[in-house]
Amino acid sequence: MLKRLTVWAIMLALALCPWTYAEDGDAGIDISGWAYAQEAADVQQEWAALYGVTLDTFDTAENITKKCKFKVSEGKRDRLTNGRVGSPWTYDHSEAWVGVQLPEDVTPGAIRVEWMFDPEGFELAQYDADMNPLRTYTQADVFPSIYTVFPLEAETRTIRLNMTARDQGISNLAVYSAGMLPADVQTWLPPVEKADMMAFSTHQDDEVIFLGGTIPYADVVCNRPTITVYMTNCSRDRRREALECLWEMGSRHYPEFINLKDEKVSSIEKGVKLWGGQENILKEMVARIRRYKPEVIVTQDLDGEYGHNQHKIMARAMQPAIEAAADPNQFPDSYNEYGAWQVKKLYLHLYKENQLRMDWTSPQDAFNGESLLEVARRGMEKHASQTKYYKVKDGGEYDNALYGLALTTVGEDVQKNDFFENIPLSGVEESGDAWEDAPAEETGDAWEDAPDEAAGDAWESAPAAAADDNWESAEIVPADEAAQAEYAVPSDDGVSEDVFAPAAAPQPVEETARETGGGHGGLVIALAAAALAVGGGAWFALNRQTQAKKKRRKGKQKKGSAAKAKRKPAAKASEKSSTKASSKSAPKASAKHASGAAAKPAGKHSAKN
């Protein structure tokens, strides 16, 4: 009965689980139910439209890279497809090229180029089977990005990628058949032209660790044009992780990288010098504000969260940058290119005045019932080099849902639960001169409120902690050892990791729904899990019963063997004893201890003696 129950349970579990074949032929759980508010088909159509192409098939595209043949003018050809960012294909001559020959039996759809750095000059030409030119793309056809995906003509059989600039290696190259590209292929759209939300992040991962669900809330839930700006260039791997994080959270417009140096600094003064001085820092920030014209800016803590000096510099420069962006007399280069712009609201992380608390824990329809905290945590998982040290925490000392309104031109918040309170959808009409707009109503001067090291210099702060944070090495060093001990727990391998998450965070119901596909998918998987549990229990019971029988049988066999072994030495001992006795006593005594033929030799032997 137990065997039959086990078989039934396993068959039921297999029948209920929706399986699909992965690209490499392995079976995987179907995740087609996981979707964002903006359908993938719409995004890819918009991407194709950038190149004047319309997608006419919605079948899933296949990665056909292994079916293609590659040739290079110089360098190591295998580095084009080894998938390792740190070992790109490189070249020494500005006229280097890469050739790709496509299979004849597959209709091509797209080629994806992952550059080592933002490319500065290239030409991608397509040819048919007779080497007749079909279409050519150049650097002028795309925006600066380390990911470039080009649509391919159906007749394309040969691709030639000509380099017209130096030092722009290729980290990875992949070719796809016609159809909808896989969800993890990042077909980025250009940065937004006019933003409602600008999220300013010092490093690649601060956007989720300290800003929590800000980006997916603005970009996906509210469907507001959103631009994420990163101040530093942490590393090539970290940039890739940041893009994967944003893509995972539903962003589809490429972010902005200012590329200031990321380096350990022991003081505000050294950090400002590293970034080229106050003037250069403000120039870079003002240029981005004027270019994207955000209604709302959300950025980090004036005290650098746990005391990070680069966080402090960026946060403290924000209010002067906003003021300068609205002044046509400051930074004429960006003014001549973009004009002046007055930001309507500035929110600072953990700012104590006019506080607002965002709801990151409620289920969101735009994410199939996931909370924004779960979405941010899912994004953080893409920062693979940092997940050992950082977590996205719900609440706590560095609460990523808590902000203060530091500057406003549209009045103070009343509801105190929405960055966009008093901000119309898609912003407001631009005035001819932003400097003539109503002056910003400061709700407490965030720049003045920052603790200063030297009087009158807002760029300085209280003395830095003795052990400053080295962001490159991804080791978090809070302001003091007590704080470090409070926010650190030993990991499985014994290395202490920073925990920006509850010590024993329960798995929310919404996350379970996401992992099982949501809706009826969750019920199906739950039934499958129950079936497996029943089957597992039955199998466990059956296995215990079988093992018990084997143990009893083995015990009997062992007991029988032991008894035989015991009798055998006893017989030998008896025979030996009899022999000794026969040598000392008369034949009659020997006869008492032996019988038959055995007694006769003993008697003869005894007689001889």
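The values are calculated or read from the model by the stated rules, or taken from the named source; none is laboratory data. All values derive from a computational prediction rather than experimental measurement. Heads up, the Cβs are rebuilt from the backbone with ideal geometry, glycines too, and the neighbour counts pull from every protein chain shown. Just the protein is used for accessible areas: all its heavy atoms, side chains included, with ligands, DNA and RNA removed. Shrake-Rupley method; radii C 1.70, N 1.55, O 1.52, S 1.80 Å.
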Inset, instruction - Within the range 332-353, track down each residue that is open to solvent by 30 Å² or more (accessible area, probe 1.4 Å) and either out of contact with any Leu (no Cβ under 8 Å at 6 or more places or on another chain) or farther than 15 Å from residue 302 by Cα (or both). - result: 332, 333, 335, 336, 337, 338, 352
Inset, instruction - Restricting attention to the range 275-298, report how many residues are in contact (Cβ under 8 Å) with a residue 12 or more places away in the chain and open to solvent by 50 Å² or more (accessible area, probe 1.4 Å). - result: 4
Inset, instruction - Take the range 354-375 and flag every residue that is more than 22 Å from residue 196 (Cα to Cα) and open to solvent by 70 Å² or more (accessible area, probe 1.4 Å). - result: 361, 363, 368
Legend entry - In the range 173-217, the residues that are farther than 26 Å from residue 419 by Cα, open to solvent by less than 10 Å² (accessible area, probe 1.4 Å) and among the hydroxyl-bearing types (Ser, Thr, Tyr): 187
Inset, instruction - Only one of these is open to solvent by 20 Å² or more (accessible area, probe 1.4 Å), within 25 Å of residue 302 (Cα to Cα) and modelled with pLDDT under 95: 267, 235. Name it. - result: 235
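Look at residue 385 and say whether it is among the hydroxyl-bearing types (Ser, Thr, Tyr), farther than 18 Å from residue 222 by Cβ and in a loop (DSSP other than H, G, I, E, B).
Details: among the hydroxyl-bearing types (Ser, Thr, Tyr): yes; farther than 18 Å from residue 222 by Cβ: yes; in a loop (DSSP other than H, G, I, E, B): yes.
Considered against the rule, which asks whether it is among the hydroxyl-bearing types (Ser, Thr, Tyr), farther than 18 Å from residue 222 by Cβ and in a loop (DSSP other than H, G, I, E, B), residue 385 comes out as yes.
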Legend entry - Matching entry among 272, 265, 229 (being within 20 Å of residue 349 (Cα to Cα) and not aromatic (Phe, Trp, Tyr)): 229
Legend entry - Residue identified as more than 27 Å from residue 60 (Cα to Cα) and assigned to a strand (DSSP E or B) among 123, 114, 95: 123
Legend entry - Only one of 382, 388 that is modelled with pLDDT of 95 or more and closer than 19 Å to residue 240 by Cβ: 382
Legend entry - Within the range 63-92, tally of residues that are of a type in the set (Phe, Trp, Tyr) and touching a Gly at 6+ places or on another chain (Cβ under 6 Å): 2
Legend entry - Hey, residue 173 under 19 Å from residue 50 (Cβ atoms) and in a strand (DSSP E or B) or not: no
